[in-house]
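Report on one structure; see the data block that follows.
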Amino acid sequence: MKNIFILLIVFCALGATSNAQFNEKPVMNLENEDEPLLNWGYFLGFNQYDFKFEYKDDLPDILVDKSFGFNVGLIGELRLNKFLDLRFEPGLHYNQRNLGFPGFDNERDAIREVKSTYINFPLLLKVSTKRLGNWKPFLIGGASTSMNLGSNEQSLDDNSSATFRMKKTTYYYEMGFGIEFYLEYFKFTPSIRGVFAINDELVRDNDPNSPWTGNIEAMMTRGLFINFTFE
């Protein structure tokens, strides 16, 4: 149901602008919007984070119960040429994942809540097509780093005390696409982006044979962002 609700929001937002933007001969809005060297804006959106696990031995997998979180942040864009822009998007991302560990009989040991508050710093290259009336599709990709304020990395407690620990700093690559809509007073951009961690984020338990972390070779975040940008 959550996925359906999010998709309905996206389709409603696109539908509200499509009639005015895809006319055969639209009235051109914000004709000089892309001319300045620097552009500014902000974004709001949703995220869904997951984990990719790599294991040492062929044992039952750890289950990940995903949920939707939210994104909010600022945008600074440097115009390189007519089709290329360099974009910096510092933002705050909040999400919760629940991990289900196999082999336990009680919920206290089997379930770990992973609440994450990320401060994200992506540097991205946006590759756009030629503007088509009042809309313009684009591809975007690049690298980012984030600080997880809920990592528990410095905690002396571990899973034996019901504390799940992650590294505070994570590095990602990001890839996505979107469409810019030039409205009468501002530019509105819905976009979808995948994010993929490139470093192991797990802080292992003090016991090397821990039933929670002993079989994990690597744990890396991957996620989906749905953002709505206003410039």
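The values are calculated or read from the model by the stated rules, or taken from the named source; none is laboratory data. Because the structure is a prediction, the values reported are computed rather than measured. Don't worry about glycine lacking a Cβ; one is built from the backbone with ideal geometry, like all the others, and counts go over all protein chains shown. What goes into the accessible areas is simple: the full protein's heavy atoms, side chains included, and nothing from ligands, DNA or RNA. Shrake-Rupley method; radii C 1.70, N 1.55, O 1.52, S 1.80 Å.
Here are the numbers for this structure:
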{"item": "In the stretch 172-191, the residues that are within 20 Å of Pro90 (Cβ to Cβ) and open to solvent by 30 Å² or more (accessible area, probe 1.4 Å)", "result": "Tyr173, Met175"}
{"item": "Residues satisfying the stated conditions in the stretch 80-136, i.e. open to solvent by 50 Å² or more (accessible area, probe 1.4 Å), part of a strand (DSSP E or B) and charged (D, E, K, R)", "result": "Glu113, Lys115"}
{"item": "Qualifying positions in the stretch 194-231 - outside any loop (DSSP other than H, G, I, E, B) and β-branched (Val, Ile, Thr)", "result": "Val195, Ile216, Thr221, Ile226, Thr229"}
{"item": "Unmet criterion (only one of (1) closer than 29 Å to Asn29 by Cβ; (2) in contact with a helix residue (DSSP H, G or I) (Cβ under 6 Å, 6 or more places away or on another chain)) for Lys130", "result": "(2)"}
{"item": "Flag for Asp34 being on the phi < 0 side of the Ramachandran plot and free of Cβ contacts under 8 Å to residues at least 12 places away in the same chain", "result": "no"}
{"item": "Of residues in the stretch 60-74 being more than 18 Å from Arg204 (Cα to Cα) and touching a Pro at 6+ places or on another chain (Cβ under 9 Å), the one surrounded by the most Cβ atoms within 10 Å (Cβ to Cβ)", "result": "Gly73"}
{"item": "Residue among Ile216, Ile198 that alone is at pLDDT 95 or above and open to solvent by 10 Å² or more (accessible area, probe 1.4 Å)", "result": "Ile198"}
{"item": "Residues of the stretch 138-166 that turn out to be open to solvent by 20 Å² or more (accessible area, probe 1.4 Å), more than 16 Å from Gln96 (Cα to Cα) and at pLDDT 95 or above, as a count", "result": "5"}
{"item": "Pair list, Cβ < 6 Å and 6+ apart or interchain, from the stretch 51-72 residues that are over 10 Å from Ile216 (Cα atoms) and in contact (Cβ under 8 Å) with a residue 60 or more places away in the chain to residues that are open to solvent by less than 90 Å² (accessible area, probe 1.4 Å) and of a type in the set (A, V, I, L, M)", "result": "Phe51/Val64; Phe51/Met219; Lys52/Met220"}
{"item": "Count - residues of the stretch 76-101 that are of a type outside the set (D, E, K, R) and under 15 Å from the mean Cα position of the chain (by Cα)", "result": "8"}
{"item": "Residue in the stretch 183-191 that is under 15 Å from the mean Cα position of the chain (by Cα), within 28 Å of Leu44 (Cα to Cα) and in contact (Cβ under 8 Å) with a residue 60 or more places away in the chain present", "result": "yes"}
